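Asks: Quick one: the structure is below, and I'll ask about it shortly.
The values are calculated or read from the model by the stated rules, or taken from the named source; none is laboratory data. What you see is a predicted model, and the numbers here were worked out from it, not measured in a lab. As a convention, Cβ positions derive from the backbone with ideal geometry for all residues, glycine included, and neighbour counts pool all protein chains shown.
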Amino acid sequence: MIKAKQFLDTIFSELDDDEHVCVSRATPKKDSDGVWFNNFTTDARQWRKWDCEAQAQAWYFCVSTIDGELNDKGKMVGRGRKNLKRYHCIVLDDIGTKGSPPPVGPSWKVTTSVKDGVENQQWGYLLDPGDDWNTYEAVVEWCAAQGWADAGAGGSYRLMRVPGSANMKPGRQEYRTHVTEANWPVWSLPEFMDDMGCSLNDLEIKDVEVREATGGYQAMDGIDLMLDWLSDNGHVVRDSGSEWVDIVCPWADSHTSGENIAGYSPLGRGSGKYVQTRAFKCLHEHCKDRLLTKFREWATKEGAPSVSGYDPMPWLQDKYVYVEKGQMFFDLHQRPMGGVWEWDWADWDKRYPDKITPPGRDNAIKIVNAFIEDDNTTRAVSTMYHPVSRRNDHGIVERLGQTFVNTYVPPNWKETDETPHVFTEHMEYLIPNVVERETFYDWFAYKIQHPTSRSFAVVMVAEDAYGTGRSWIGRLLDAMMPGHVNRAGLAQLVGRGTSAEQNYNDWMVGCQFLIVEEAKDNSLSREDFYNSYETFKQNVEPGSNVSAAIRVNEKYGRTRDEVVYFNPLIFTNHADALLLEEGDRRVYCVENPTERLEYDYYDRLAGSLQTQEPCRVYWWLMHRDLKDFDHIYPDMTPSKARMIEDNRKPSDIIGEWILENHGSDLVTRPILKTAVVVAARDVDDEKNMREPGNITKILWKKLKTLRSEDAKNGARYFVDGKQTEVRAIRNQEKWVSKDAARDVDDFKKELAKANLPSNVVNIRAE
């Protein structure tokens, strides 16, 4: 069996002269289920006399070494954040009960208890000693988040059980902790992260020094109403700004020594958990049982404000904003770091379940109610997606005299100048045309650099090909811009399809990129397809510094106005996926390959998303020079020209046939209808041959009147005994002038050139 001294000598085999191994003995607190820890170092007298295996006591060791300095009271060595020297190991606690086994075996396993036949273990990983406390703590927290440890067993000065000591917790029957496995491999911290599958991007790195020094909350001064009252009423003897203020003891007349000084610790001073508490103490024998409760009772009777012993309100108000819509709480400290930063009422109440006594109240109430009632709490009416630069990002938006919480959070990648080789190599394969590829880079970069602007839509076409790796771009965006990527179907983008696809459009808001995975939607009717372009134009309209709001209809929410900022990225395997008109300026088409590469290639792509590649792509795009890029008007490409040609509207096809083949410059509406029938028959459009009315209506509107713009009616003549308007399909100016001269015969002669077959007339006869 590995004994305590051998165990600790192995873990702490390399020590600098100023490093000390810290061991602690757990001692039960009086009248409490908790414990406190006596801290010793391995060169202290208490340590040298210690025989762990012979004692029925709980002994622990600190995962980091300390400087050996005495604590503030001068009675034992300090084990605070300021005392730490270097970390030597990571220990994951409660594996088997609260945590599941990690994917990497440890340097040692220690069994701390057995319950119902299940061993509870601590797994330890030896590390090269270091002092990168921020990363170290973030790694420990990340491991806990994976379910590999008790979430409470973190921190750079965490205590872990020493083999041979007794487990004195109730129900453990003084179980003897012992080493069950020990191989002693050693990792550097980066090696440990790599083996565990953890990257820097996975970590929520915080300022450990501030967090550990204050228990998560920085000290604040000038926030204690009780201290203000004591000062105003002459009870303060001396205030040096330290944790304790000298005051006149309310029960000084009972002191036998004649000393009248007591101590009051105001809210906002101290360290650790004490920064959020008030305290009172008097060292005179007659006052040993008079603590804060008695002190508050006395002060309240004397006219002091009613306050709680524990009061986190100033720190909560510094941290959270209350959003009235939905009764939500938003953590502005967590917001720039990502993760969960919005809480509903019930969950926030669970996070802060205690009660406090706010000023002006005689009774304690729940923190959530006190927070809502307090005038110092920041309130917002709702949320708003409002892109800004990181420099200008404050989490709060003021708009039209109202306050909103900004749900847009700029990506928080550490700047780098590394080239994203995986990304660029994949783009070289995916977009082989150099011009198209460079345009795509510019389009991508412009959105990253200008989050408030919208560019044209990019359509990637890989005709009749699947699995070439275009969807990886979407996953890259998810990793690179978390929370800023939405997805939609073509039917939603064009406002057609089912009632839900037509009516609900909340997918348009709150994102920088909108991805359509497959633009060819066979669920759309042909009629819907040809009538979709106008809605498509509106939804993807590019522009700079977008300010116009759209009406957002959310399925399970109220209708509202919001600004949209997305750039569309559309993938399709069909050359005719979208209806585009001649002269379209809203779409840029790129050609993708049709041949897949080897499986290993795509495994590399997928794996790159777990590395720093998203960070490299982000900053590579941020650094790209865009001075010559036009984000509004894209160039024509071969694939776009083909898409336009393949999806010409029936009215365009028939209108072009009539323009080329109709014998006359002029038509009446009945003649145009007959011409539509002839043209439809010639281009094999059976539907419009039998039902020419709609196409006739469309084409008639495109033909301009032959009268001046201020004329009430167009050029009207008697044709076949009826007064009928005449319009020109070509040479319009010529016929406007002839109409002005009233050259009736010329009109009749020109109409006669139509030379439409009589059988056609019979077909269209009504």
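Asks: Could you check the stretch 90-120 and list, in sequence order, the residues that are under 32 Å from the mean Cα position of the chain (by Cα) and aliphatic (A, V, I, L, M)?
Replies: Residues satisfying the conditions are I90, V91, L92, I95, V104.
Asks: Among C52, C62, which is surrounded by 13 or more Cβ atoms within 10 Å (Cβ to Cβ), modelled with pLDDT of 85 or more and within 20 Å of V162 (Cα to Cα)?
Replies: After applying the criteria, what remains is C62.
Asks: Something else: For F529, all conditions in the list (1) touching a Leu at 6+ places or on another chain (Cβ under 7 Å); (2) in a helix (DSSP H, G or I); (3) modelled with pLDDT of 90 or more hold save one; what is the number of the exception?
Replies: Of the numbered conditions (1) touching a Leu at 6+ places or on another chain (Cβ under 7 Å); (2) in a helix (DSSP H, G or I); (3) modelled with pLDDT of 90 or more, the odd one out for F529 is (3).
Asks: So, one more: Among the residues of the stretch 646-659 satisfying the criterion of being closer than 24 Å to G714 by Cα and either of a type in the set (D, E) or touching a Gly at 6+ places or on another chain (Cβ under 8 Å) (or both), which is surrounded by the fewest Cβ atoms within 10 Å (Cβ to Cβ)?
Replies: Filtering the stretch 646-659 for residues that are closer than 24 Å to G714 by Cα and either of a type in the set (D, E) or touching a Gly at 6+ places or on another chain (Cβ under 8 Å) (or both), the one surrounded by the fewest Cβ atoms within 10 Å (Cβ to Cβ) comes out as E656.
Asks: Please specify each residue of the stretch 269-283 satisfying the condition of being in contact (Cβ under 8 Å) with a residue 24 or more places away in the chain and surrounded by 19 or more Cβ atoms within 10 Å (Cβ to Cβ).
Replies: Hits for the stretch 269-283 are R269, G270, V275, Q276, T277, R278, C282.
Asks: If you take the residues of the stretch 94-112 that are modelled with pLDDT under 90 and touching a strand residue (DSSP E or B) at 6+ places or on another chain (Cβ under 7 Å), which of them is farthest from Q173 (Cα to Cα)?
Replies: My answer is G99.
Asks: Here is a follow-up. Go through the stretch 107-135 and report how many residues are acidic (D, E) and within 14 Å of T177 (Cβ to Cβ).
Replies: 1
Asks: At least 2 residues that are within 25 Å of Y633 (Cα to Cα) in each: list the strands (runs of 3 or more DSSP E) lying fully within the stretch 392-479 that qualify.
Replies: 457-461
Asks: A follow-up question, please. For the stretch 359-382, enumerate the residues that are in contact with a Ser or Thr (Cβ under 8 Å, 6 or more places away or on another chain) and farther than 12 Å from F329 by Cβ.
Replies: P359, G360, R361, D362, N363, A364, I365, V381
Asks: Can you pull out every residue in the stretch 289-310 that is in a loop (DSSP other than H, G, I, E, B) and among the hydroxyl-bearing types (S, T, Y)?
Replies: S306, S308, listed by residue number.
Asks: Before we move on, is L609 under 19 Å from L477 (Cβ atoms), in contact with a Gly (Cβ under 7 Å, 6 or more places away or on another chain) and either outside the structural domain of C589 (by TED's automatic domain parsing) or in contact (Cβ under 8 Å) with a residue 60 or more places away in the chain (or both)?
Replies: It is false that L609 is under 19 Å from L477 (Cβ atoms), in contact with a Gly (Cβ under 7 Å, 6 or more places away or on another chain) and either outside the structural domain of C589 (by TED's automatic domain parsing) or in contact (Cβ under 8 Å) with a residue 60 or more places away in the chain (or both).
Asks: For W298, all conditions in the list (1) of a type in the set (F, W, Y); (2) in contact with a Gly (Cβ under 9 Å, 6 or more places away or on another chain); (3) touching a residue at least 24 places away in the same chain (Cβ under 8 Å); (4) under 20 Å from T357 (Cβ atoms) hold save one; what is the number of the exception?
Replies: Every listed condition holds for W298 apart from (2).
Asks: Now a separate question. Residues to consider are E174, E137; find the one that is under 41 Å from the mean Cα position of the chain (by Cα), at pLDDT below 90 and more than 15 Å from I11 (Cα to Cα).
Replies: E137
Asks: A further question on this structure: May I ask you to list the residues in the stretch 187-214 that are at pLDDT below 85, loosely packed, with under 15 Cβ neighbours inside 10 Å and either not in a helix (DSSP H, G or I) or not acidic (D, E) (or both)?
Replies: E204, D207, V210
Asks: Something else: Filter the strands (runs of 3 or more DSSP E) completely within the stretch 552-645 down to those with at least 3 residues that are surrounded by fewer than 20 Cβ atoms within 10 Å (Cβ to Cβ) and not aliphatic (A, V, I, L, M).
Replies: The qualifying strands (runs of 3 or more DSSP E) are 560-563.
Okay, residues lined up against (1) of a type in the set (K, R); (2) within 25 Å of the chain's Cα centre (by Cα); (3) in the same structural domain as G197 (by TED's automatic domain parsing); (4) buried (at least 21 other Cβ atoms within 10 Å of the Cβ):
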| residue | (1), (2), (3), (4) |
| --- | --- |
| A144 | no, yes, yes, no |
| A149 | no, no, yes, yes |
| M160 | no, no, yes, no |
| N183 | no, no, yes, no |
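Asks: For the subset of the stretch 369-399 comprising residues that are aliphatic (A, V, I, L, M) and farther than 16 Å from K325 by Cα, which member is surrounded by the most Cβ atoms within 10 Å (Cβ to Cβ)?
Replies: In this case the residue turns out to be A370.
Asks: Also, quick follow-up: May I ask you to verify whether E733 is surrounded by fewer than 12 Cβ atoms within 10 Å (Cβ to Cβ), closer than 30 Å to I653 by Cβ and assigned by TED's automatic domain parsing to the domain that holds G655?
Replies: Judged against the criteria, E733 is a match.
Asks: Given (1) touching a strand residue (DSSP E or B) at 6+ places or on another chain (Cβ under 9 Å); (2) surrounded by fewer than 16 Cβ atoms within 10 Å (Cβ to Cβ), where does G117 come up short, assuming only one miss?
Replies: (1)
Asks: Also, quick follow-up: Scan the stretch 547-589 residue by residue and report those that are out of contact with any Asp or Glu (no Cβ under 6 Å at 6 or more places or on another chain) and small (G, A, S).
Replies: S547, A548, G557, A577, G583
Asks: Separate question: What are the residues in the stretch 409-429 that are charged (D, E, K, R) and either surrounded by fewer than 13 Cβ atoms within 10 Å (Cβ to Cβ) or at positive phi (or both), if any?
Replies: K414, E415, D417, E418, E428
Asks: Another question, if that's okay. If V321 satisfies all but one of (1) out of contact with any helix residue (DSSP H, G or I) (no Cβ under 9 Å at 6 or more places or on another chain); (2) of a type in the set (A, V, I, L, M); (3) part of a helix (DSSP H, G or I), what's the number of the condition it fails?
Replies: Checking V321 against (1) out of contact with any helix residue (DSSP H, G or I) (no Cβ under 9 Å at 6 or more places or on another chain); (2) of a type in the set (A, V, I, L, M); (3) part of a helix (DSSP H, G or I), the one that fails is (3).
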